[in-house]
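S.K.: Got a structure for you, questions after.
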Amino acid sequence: MKFLAITLIIHAPDPVTGVQKPTTERFREVIDNALLAEELGFDGFGVGERHERPFLSSSPPVVLSHVAALTSRIRLFTAVTTLSLLDPVRAYEDYATLDHLSGGRLDLIIGKGNGTAQRELFHVTPEDQWDRNAESYELFRRLWRQGKVTASPRFRPELTEAEVWPRPLQRPVRVWHGSATSRESVDLAARYGDPLFSANVTHPIEPYAELIRHYRERWEHHGHDPALAVVGAGTAGHHTARTSQEAVAAYRPVFEGHLAFQKQLGVEPVFPTLEDFVERSSALIGSPQQVIEKVHRYHEQFGHTVLHLHADAGGLTDAQHRDSLELFQSDVAPVLRRDIPDPPFAWAPVLAGPAPAAATVRVPASASVPSTG
């Protein structure tokens, strides 16, 4: 099993202290957490993409380029790249550049994104967001693979024998599809034979397990080898301590801070108590043995081989956060690495060979997702 540390770069008051860090300090904290993740032996570090309050993650290529310059081993993930909002040509240019600057350590997780404000900012509607996501991915995928591209997309100007630079280092780059509660991302991943990353943070296990089962069904429907279907999964929170009592006691102020914020917004919490949150959500809060057992319970439903934890302290003190991650890596990760296989592909970069021949195959005006059947 592989382990990622992921941040959405939330810029909000600390749920326990109420203190909000200045923007510059928040970015420095993100970089420090990336360095800590590499130091502790995490396999990947991910940065989300949001274009609305309270997030500072509007430019993951810039953040990840800075992380790339300061690290040497850890793989760099987007979580997610919101292709429904982006020009796929410009997105390709950014990430092909990052691919070189990182020495081929880039993985992409793509998705349509969430949030009304950012959708309105880019003039994307609920009716066209999924078609935009699918079309942008089709074009991005071709740009990465082909030296010249001719296409007549629906949502951006057509391309005629277009050459886009730089050519990437990895050919191809690995692209995961982020999935929350809708089937569209699942169907798109299965159609192209790409890995799936389940958000797995808001609800109990059942809806996520159902979507993963659907992914595997559609994967086989499209003729892919069932043994090569790959799933990653998120977690709703994390704190590993020597005993369950220590873990729950340390996390209680964090949970209560988040609960108060939800009530302030008029949002009905899915998990009304910390005990319910620990029991029914994907949060990993407890002793090393309890965390191991919970990951195994989820693995029985998901069959996932990649797991993400939160890179940010999120209300824990810096010392608590570091101690928790250190304990996870010393007492939890080795057991899960032994018990649960890695994804069936090389984790090291697949670097470019000779440039491919020019291709001018014209694609349909809209690369819409296939029927869910």
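The values are calculated or read from the model by the stated rules, or taken from the named source; none is laboratory data. This structure is a prediction, so every number in the text was calculated from the model and none was measured. Cβ placement follows ideal geometry from the backbone for every residue including glycine, while neighbour counts extend to all protein chains displayed.
S.K.: Return only the number of the condition from (1) more than 18 Å from the chain's Cα centre (by Cα); (2) closer than 21 Å to Leu169 by Cβ that Ile110 does not satisfy.
M.R.: Ile110 satisfies every listed condition except (1).
S.K.: With the structure loaded, tell me whether Thr235 is in contact (Cβ under 8 Å) with a residue 12 or more places away in the chain, assigned to a loop (DSSP other than H, G, I, E, B), within 27 Å of Ala346 (Cα to Cα) and under 18 Å from the mean Cα position of the chain (by Cα) or whether it fails that test. Even if it seems obvious, please write down each step before you answer.
M.R.: Values: in contact (Cβ under 8 Å) with a residue 12 or more places away in the chain: yes; assigned to a loop (DSSP other than H, G, I, E, B): yes; within 27 Å of Ala346 (Cα to Cα): yes; under 18 Å from the mean Cα position of the chain (by Cα): yes.
Judged against the criteria, Thr235 is a match.
S.K.: Is at least one residue of segment 201-209 more than 17 Å from the chain's Cα centre (by Cα), among the aromatic types (Phe, Trp, Tyr) and under 29 Å from Leu8 (Cβ atoms)?
M.R.: Looking for residues that are more than 17 Å from the chain's Cα centre (by Cα), among the aromatic types (Phe, Trp, Tyr) and under 29 Å from Leu8 (Cβ atoms), one finds none in segment 201-209, hence no.
S.K.: Of all residues in segment 323-348, which are more than 14 Å from Thr235 (Cβ to Cβ) and in contact with a Leu (Cβ under 7 Å, 6 or more places away or on another chain)?
M.R.: Glu326, Gln329, Pro344, listed by residue number.
S.K.: How about segment 262-284: which of its residues are part of a helix (DSSP H, G or I) and β-branched (Val, Ile, Thr)?
M.R.: Val278
S.K.: Within segment 299-320, which residues are crowded, with 21+ Cβ neighbours inside 10 Å and in a helix (DSSP H, G or I)?
M.R.: The answer is Phe302, and nothing else.
S.K.: Next question, about the same structure. Which of the residues that make up segment 16-37 are touching a strand residue (DSSP E or B) at 6+ places or on another chain (Cβ under 7 Å) and of a type outside the set (A, V, I, L, M, F, W, C)?
M.R.: Residue satisfying the conditions is Asn33 alone.
Here's the yes/no breakdown for (1) among the β-branched types (Val, Ile, Thr); (2) within 30 Å of Leu98 (Cα to Cα); (3) modelled with pLDDT of 95 or more:
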site	(1), (2), (3)
Thr273	yes, no, yes
His299	no, no, yes
Gly315	no, no, yes
Arg322	no, yes, yes
Phe328	no, yes, yes
Pro344	no, yes, yes
Ala367	no, yes, no
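S.K.: Same structure, new question: In the set Ala199, Ala162, Ala151, Ala189, which member is farther than 30 Å from Arg280 by Cα and surrounded by 22 or more Cβ atoms within 10 Å (Cβ to Cβ)?
M.R.: Ala151
S.K.: Which one is surrounded by the fewest Cβ atoms within 10 Å (Cβ to Cβ) among residues in segment 25-40 that are touching a helix residue (DSSP H, G or I) at 6+ places or on another chain (Cβ under 8 Å) and closer than 20 Å to Pro13 by Cβ?
M.R.: By that ranking, first place goes to Phe27.
S.K.: Please work out which one of (1) in contact (Cβ under 8 Å) with a residue 24 or more places away in the chain; (2) surrounded by fewer than 20 Cβ atoms within 10 Å (Cβ to Cβ); (3) of a type in the set (A, V, I, L, M) is the condition Val254 fails and give its number.
M.R.: It fails just one condition, (2).
S.K.: Same structure again: Any idea which of Glu52, Glu93, Glu127, Glu135 is under 24 Å from Phe155 (Cβ atoms) and in contact with a Pro (Cβ under 7 Å, 6 or more places away or on another chain)?
M.R.: Being under 24 Å from Phe155 (Cβ atoms) and in contact with a Pro (Cβ under 7 Å, 6 or more places away or on another chain) holds for just one of Glu52, Glu93, Glu127, Glu135, which is Glu135.
S.K.: Scan (1) on the phi > 0 side of the Ramachandran plot; (2) part of a strand (DSSP E or B); (3) without any contact (Cβ under 8 Å) to a residue 12 or more places away in the chain for the single condition Glu161 breaks and write down its number.
M.R.: (3)
S.K.: Can you name the residue in segment 46-100 that is in contact (Cβ under 8 Å) with a residue 60 or more places away in the chain and touching an Asp or Glu at 6+ places or on another chain (Cβ under 7 Å) and, of all such residues, is farthest from Phe328 (Cα to Cα)?
M.R.: Val80
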